[in-house]
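What follows is calculated from the coordinates using simple rules that are stated; it is not laboratory data. All of these numbers come straight from a predicted model, not from anything done at the bench. Note that we place each Cβ from the backbone using ideal geometry, even for glycine, and neighbour counts take in every protein chain shown.
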Amino acid sequence: MRRLIKWVLVLLVLALIFAVIYWQATKPRPISVAVAIAESGIVENTVANTRAGTIEACRRAGLSPSTGGLISVLNVRKGDPVRKGDLLLSLWNKDLMAEIELSQAEAESAKANARASCLTAEVAQREANRLLKLKKSGAVSEETVDRSVTDASARRASCDAAKASTAVSAARANVIRARLDRTQLIAPFDGIVAAIHGELSEYVTPSSSSVGGTPVIDLLDTSCFYVTAPIDEVDAPRVSLGQTARVTLDAFGDREFAGTVSQIAPFVLDLASQARTVEIEVELNNPTDRNELLAGYSADVEIILAARNVPVRVPSEVVLENSRLFVLNGDTIEERDVLVGITNWRWAEIVEGVKTGESVVTSIDADGLETGALAEIMSEEE
């Protein structure tokens, strides 16, 4: 009898062990999920660009001579700083230089002739005036006086002609100087040489400065920068001048640059195969930022339309279609309908459905994520 009882107890223990093993093997395993804690904080209503924007220099000029010729002087290299008025490039112009020297010599000769003619005219006029006085007393004949007056008038006319010749010589010199200026590139403002499309002894054609052509020198004014960015036509009516904006650049990671909307294009840009957009410009507020920026950087713009401190906010990506989200309540997943307030790409205000301190599921693509599922918080290693 004792042996029977012993075997029964053994069988019961084995059955219990088997039941525990079976239960462990068949019980639902919790899924690993990432969570974020619902919290109070500021949520902003924002508008962002649809495509990447660009950092632009305040001024940019594509410079080319307005005439053709061989490059004989190239005073700058790519990246060089220049000052307004600096000579950047000059075409071969020795013929014009020689013409200017000749015209200057002619002008000086014309001035000397004019001075001589006018002095002679003054002398002749004084003589005529003297004879006119003597005529009254009968000391000289009328014929002598007439000859003197006629001579004075002729010499005065010669003086006027000589002065006119001087003006013509000066004008001719100015014309040649203007032709000379067309062979030179002068910096129109302080800046940096961004590119040079030409070398010494290369021939430059006037067409290089035409619409669609490549300028010989690309000059940037890097004293300030602004951002151009396209905004979807649907969002454009909500954007206005003076609104605060945040600018981020791929080159600077998560760093943000403060800006202000400074210009809104008065037309909609319709590009093939792209959404219709309105171009805006954002001026960067911090002058010291220009020391780190380069024209051409890609940039994203976020314009702040409104902002308020809300009791409950969650990451925007946890809110699913039809205003639903998943909450980890203890070790169980709950799917909840929520009432959403203002949102942006980062945060969403939850008016109803979630309380501060609750854990909302951020790994919304986790396998087995559904109401009633057992879950545990994902470890940092996962």
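Laid out as a table, the results:
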read-out	value
Length gained when the stretch residue 189-residue 320 is fully extended (0.36 nm per residue, less Cα-Cα span)	41.8 nm
Sequence of 58, 159 once ranked by neighbouring C-beta atoms within 10 Å, starting from the fewest	58, 159
Label-point separation in nm, residue 16 to residue 305, each point 7 Å along Cα→Cβ	6.7
Sites residue 369 and residue 276 - FRET efficiency at Förster radius 51 Å, r taken between beta-carbons, to 0.05	0.85
Neighbour-count ranking [beta-carbon atoms within 10 angstrom, fewest first] of 252, 267, 225, 257	267, 252, 257, 225
Using a Förster distance of 56 Å, the FRET efficiency for residue 73-residue 251 (Cβ separation, nearest 0.05)	0.95
Cβ-Cβ FRET estimate between residue 240 and residue 339, R0 fixed at 25 Å, reported to 0.05	0.30
Distance in nm between pseudo-label sites at residue 179 and residue 101 (7 Å out along the Cβ direction from Cα)	1.6
Residues 186, 17, sorted so that the one with the fewest Cβ neighbours within 10 Å comes first	17, 186
